[in-house]
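Below is one structure, written out as structure tokens, with a few remarks after it.
The values are calculated or read from the model by the stated rules, or taken from the named source; none is laboratory data. Keep in mind the model is a prediction, meaning the values are calculated, not measured. Glycine gets a Cβ as well: all are built from the backbone with ideal geometry, and neighbour counts include every protein chain shown.
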Amino acid sequence: MKTRIDLAQTIRSIPDFPKPGILFRDITTLIKDKQAFQASVERIARKFAKKRIDYVVGVEARGFIFGGALAQKLHLGFIPVRKKGKLPGKTKAITYNLEYGSDTLEIHADALKPKDKVLIIDDLLATGGTVKAVADLLEAQGAKIIGIAFVIELVDLKGREKLKKYPIVSLVKFEGE
């Protein structure tokens, strides 16, 4: 009988990083653990295996780690969404607001065709701003978002509310911290 891995136990918590008062959830310990990494990819893949999806879209940078593995597991192509200036060739961009300032994300202009079905993946759902920007960028190209997956969700930050029109899967939920 297979033992179910408790993914939360493989995530390291680092207090006061990157600044005082923040409890950082570090996935490097999860991905270092081959069984936990494999289990996380497998669990997300199971949730979407019967959906008609054309591509997995990964958000820079930790979304690439899970996105590439998930695309391979689901036998799909992988599309990166990167910070401004990181992709060669013609791109489409979206600028969005952060708590203090703004940021810009880009995708190759020819990465998607209208009606392509995509699954977005990132490591962590906090306030939801980054993935909401990614969803807006993809929908502006005519893509249909089949779902959004996260390894970790910080429930108290209410990021799910910004993404409520999409099916969301998160594997580990942390509350009250």
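Does Thr127 meet the test of being of a type in the set (S, T, N, Q) and in contact with an Asp or Glu (Cβ under 8 Å, 6 or more places away or on another chain)?
Answer is yes for this residue.
Looking only at the range 1-24, filter to residues that are in contact (Cβ under 8 Å) with a residue 24 or more places away in the chain and of a type in the set (A, V, I, L, M); which one of those is surrounded by the most Cβ atoms within 10 Å (Cβ to Cβ)?
Out of the qualifying residues, it is Ile11.
Just checking, how many residues over the range 1-50 are of a type in the set (Lys, Arg), farther than 17 Å from Ser170 by Cβ and modelled with pLDDT of 95 or more?
4
Condition first: surrounded by 18 or more Cβ atoms within 10 Å (Cβ to Cβ), touching a Phe, Trp or Tyr at 6+ places or on another chain (Cβ under 7 Å) and without any contact (Cβ under 8 Å) to a residue 24 or more places away in the chain. Now tell me which residues in the range 41-75 satisfy that.
Ala71
Considering only residues that are of a type in the set (A, V, I, L, M, F, W, C) and assigned to a loop (DSSP other than H, G, I, E, B), which ones fall in the range 136-156?
Answer for the range 136-156, where residues must be of a type in the set (A, V, I, L, M, F, W, C) and assigned to a loop (DSSP other than H, G, I, E, B): just Ala143.
Residue by residue through the range 96-124, note down the ones that are touching an Asp or Glu at 6+ places or on another chain (Cβ under 7 Å) and either more than 27 Å from Leu171 (Cα to Cα) or hydrophobic (A, V, I, L, M, F, W, C) (or both).
Val118
Would you list the strands (runs of 3 or more DSSP E) that sit entirely within the range 1-95 and hold 3 or more residues that are within 30 Å of Asp136 (Cα to Cα)?
23-26, 55-59, 77-83
Hey, can you tell me all the residues within the range 78-110 that are more than 16 Å from Thr130 (Cα to Cα), loosely packed, with under 15 Cβ neighbours inside 10 Å and not basic (Lys, Arg)?
Gly85, Pro88, Gly89, Ala109, Asp110
Output the residue which, of all residues in the range 114-135 that are in a loop (DSSP other than H, G, I, E, B) and of a type outside the set (Val, Ile, Thr), is surrounded by the most Cβ atoms within 10 Å (Cβ to Cβ).
Gly128
Looking only at residues in the range 151-172 that are surrounded by 14 or more Cβ atoms within 10 Å (Cβ to Cβ) and basic (Lys, Arg), which one is farthest from the chain's Cα centre (by Cα)?
Lys162
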